[in-house]
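Working notes for the structure below.
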Amino acid sequence: YSVILINIRHFKLINEQYGKEAGNKTLRHIHNCISKNLRNAEFTSRDNADRFFICLREHQLEAIEGRLRVIHNDLNDFNKHRETAYPLDFNCGAKIVEHPHNEVILIQDHARLAYNLAVQENKFCVFYKKAFTDKLLKNQEMDLFFETSLKNEDFKLYLQPKVHLETGIVCGAEALVRWDSVIRGFKK
């Protein structure tokens, strides 16, 4: 299985320009497009606002992305029946479910992490990797030690000389800060 979070880009503008009823019709259209592209034992649910989770019986990246592109194309059939067209575009984050007993909340969180990266990098779809969580944990750990390290003066200043190539004379320096943490050791 895979769990995918999709979020419609600039959905608030639909409500703003065409009204809440048009926004609600669009949400129903999105749900219907997703639903018609689901197979046996697959489902979708609306998370909140214009975010939907989709559970597919797929675990191959190319197959998942292909199915998402079909949904994306179906969404824009909506415009064939309108005088004023507005494109429905989305970013998505996907989590391949390796173990059937994983907690649903954790699976959804992983899909959210991948989605956030898709938005940051302006990609159609990003698939979750463990490195995403590892990076968050490392950043959290650094945040926990940062204040203490400031108080302990664990940050050291090093000056790296800049030498003029023709004369060999030191003409400046590059300032480098290194973190010599009592807990984590020396960090560049």
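Overview of values
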item: Net dipole in debye of the stretch 24-136 [+1 Lys, Arg Cβ; -1 Asp, Glu Cβ; about Cα centre; nearest 20]; result: 200
item: Accessible area expressed per residue, the chain, with surrounding protein chains retained (probe 1.4 Å, Å²); result: 67
item: Dipole moment magnitude, nearest 20 debye, the stretch 104-148 about Cα centre, only Lys, Arg, Asp, Glu C-beta charged; result: 280
item: Sparse-neighbour loop sites [GluC sites (Glu not before Pro); the stretch 25-133; at most 10 other C-beta within 10 Å; DSSP]; result: Glu83, Glu98, Glu103, Glu121
item: GNM result for the chain, Cα springs below 10 Å: residue of His101, His164, His29 fluctuating most strongly; result: His164
item: Too-long pairs where the Cα-Cα distance tops 22 Å, listed order kept, from Lys12/Lys135; Lys95/Lys123; Lys20/Lys123; Lys138/Lys162; Lys36/Lys80; result: Lys12/Lys135; Lys20/Lys123; Lys138/Lys162
item: Options Ala94, His29, Leu157, ranked by Cα towards positive dipole end of the chain, top entry (Cβ charges); result: His29
item: In the stretch 1-60, trypsin sites (Lys or Arg not before Pro) in a DSSP loop with at most 16 other beta-carbon atoms within 10 Å; result: Arg9, Arg39, Arg57
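The values are calculated or read from the model by the stated rules, or taken from the named source; none is laboratory data. Keep in mind it's a predicted model, so treat the numbers as computed, not measured. When we count neighbours, we look across all protein chains shown, and the Cβ atoms used for this are built from the backbone with ideal geometry, even at glycine. The accessibility values were calculated without ligands, DNA or RNA, using every heavy atom of the protein model including side chains. Shrake-Rupley method; radii C 1.70, N 1.55, O 1.52, S 1.80 Å.
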